[in-house]
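Notes follow the structure.
The values are calculated or read from the model by the stated rules, or taken from the named source; none is laboratory data. Bear in mind the structure is a predicted one, so any value in this text is a computation, not a measurement. Cβ sites come from the backbone with ideal geometry, for glycine too, and all protein chains shown count toward neighbours. Areas reflect the complete protein model, heavy atoms only, side chains present, ligands, DNA and RNA absent. Shrake-Rupley method; radii C 1.70, N 1.55, O 1.52, S 1.80 Å.
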Amino acid sequence: MSGERRLWIRAATEEDLPRIVRLDAEAFPADPYPYFVLRQLLASFPDFVFVLEDGEELGGYVLSTPPNAAQSWILSLGIAPGLRGQGHGKQLMTQILGHLRAEGVHSVSLSVEPGNDTAVALYQSLGFSPDPGGPRKDYFGPGAHRLLMTLSL
């Protein structure tokens, strides 16, 4: 994806699924979501998936849950490796957080790999606070520790 092309954020559609799957594998090569999971999440939460695109390629996506008792989770934020560090993750997060606020959400949570300092810094810049207990050991299974972070809207 060319950095010179104009990028915009829009709601994802089912037609985006193959590109979201490909982007997810690029963004998270060690542990991408399986195709069927992304299909079910997009089908289940169609109003809570946004993509960043240039008209041809996807440069990023964000996926959240709908409100449940005024709470929601950010399930994934993926940015194409060539577009990282340019503020696109913050743009996508700002978009989804505004959408969640408009939907009546008061608290948003997410989990992040504790060693992903760039992601942790991004989330903190948006007002997320880390769980005071620190990273949760084996949160996603043996050796898959995660730091939980929460934002009050």
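What the table shows:
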item	result
Test for E103: is it at pLDDT 95 or above and charged (D, E, K, R)	yes
Scan of region 8-24 for residues that are farther than 12 Å from Y61 by Cα and either open to solvent by less than 90 Å² (accessible area, probe 1.4 Å) or touching a strand residue (DSSP E or B) at 6+ places or on another chain (Cβ under 8 Å) (or both), ordered by number	P18
Candidate set from region 117-143 (those that are open to solvent by less than 30 Å² (accessible area, probe 1.4 Å), of a type in the set (A, V, I, L, M, F, W, C) and closer than 22 Å to I9 by Cβ); member that is modelled with the highest pLDDT	F128
Residues of region 32-74 satisfying the condition of being of a type in the set (A, V, I, L, M) and in contact with a His (Cβ under 8 Å, 6 or more places away or on another chain)	L52, A70
Inter-residue pairs, beta-carbon under 9 Å, first under 16 Å from S107 (Cβ atoms) and in region 124-147, second part of a loop (DSSP other than H, G, I, E, B) and open to solvent by 50 Å² or more (accessible area, probe 1.4 Å), 6+ apart	G127/L153
Residue match in region 12-27 (condition: on the phi > 0 side of the Ramachandran plot and either at pLDDT 95 or above or over 16 Å from the mean Cα position of the chain (by Cα) (or both))	no
Residue ranges of strands (runs of 3 or more DSSP E) in region 41-116 with at least 3 members open to solvent by less than 80 Å² (accessible area, probe 1.4 Å), out of contact with any helix residue (DSSP H, G or I) (no Cβ under 9 Å at 6 or more places or on another chain) and not aliphatic (A, V, I, L, M)	107-112
